[in-house]
Amino acid sequence: MSDMSFHLGEGSVRIEFDEGLYPKDAIYGAAYVFIDRCWVHLDRAGDRRIQVTLKAKKPGADTQAFAGEFQNELLGQAWRLRIVEENKKLVEAITARALGGAAGPPGLDELLAMDIGEETAFEDPLGIAMSWEEKYKKKGKGEAAKAEGDASADVSGGEKA
């Protein structure tokens, strides 16, 4: 025996059922699906009874079809809520991993925590901070010979005189 009753009116349908039959969020979700086609009114019909009234926005709508569609939507919403509840831990784990990856690679915290003050801000112990002009400037004849001598000294391991 179904604990759901329908009352068809002119351009509207009233559906009553026990509030323990479906979760409240499923009822709200099903009602939301109908707000583009119907005026939706939720109310209490009595002790532990819910009443949903669907009134068609356009004349000539099939209110009996609305009643059947609403019942199907209630079932669908209840099932979706159950699936969400069962997969809540998995969704939280995936979300945490995705947001954790957006924070950057491991070790970024140590880099951000480094104390960089005015005295250490412009240090360049590896000599990698040089301007484009310094790196690619044209060398004169004397500087070119000196640069070649420095390069051969580096290769042989000693200095040329």
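Going through segment 1-106, which trypsin sites (Lys or Arg not before Pro) have at most 13 other Cβ atoms within 10 Å and a DSSP loop state?
Numbers: sites: Arg14, Lys24, Arg37, Arg44, Arg48, Arg49, Lys55, Lys57, Arg80, Arg82, Lys88, Lys89, Arg97; in loops: Arg37, Arg48, Lys57.
Sparse-neighbourhood loop trypsin sites (Lys or Arg not before Pro): Arg48, Lys57.
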Summing +1 for each Lys or Arg and -1 for each Asp or Glu, what net charge is found among the other residues whose Cβ lies under 14 Å from the Cβ of Arg48?
-> -3
Using alpha carbons only, what's the Rg to Rh ratio of segment 1-106 with Rh from Kirkwood?
-> 1.19
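Values in this text are rule-based calculations from the coordinates and carry no lab data. All values derive from a computational prediction rather than experimental measurement. Counting neighbours? That spans all protein chains shown, and the Cβs are built from the backbone with ideal geometry, glycine included.
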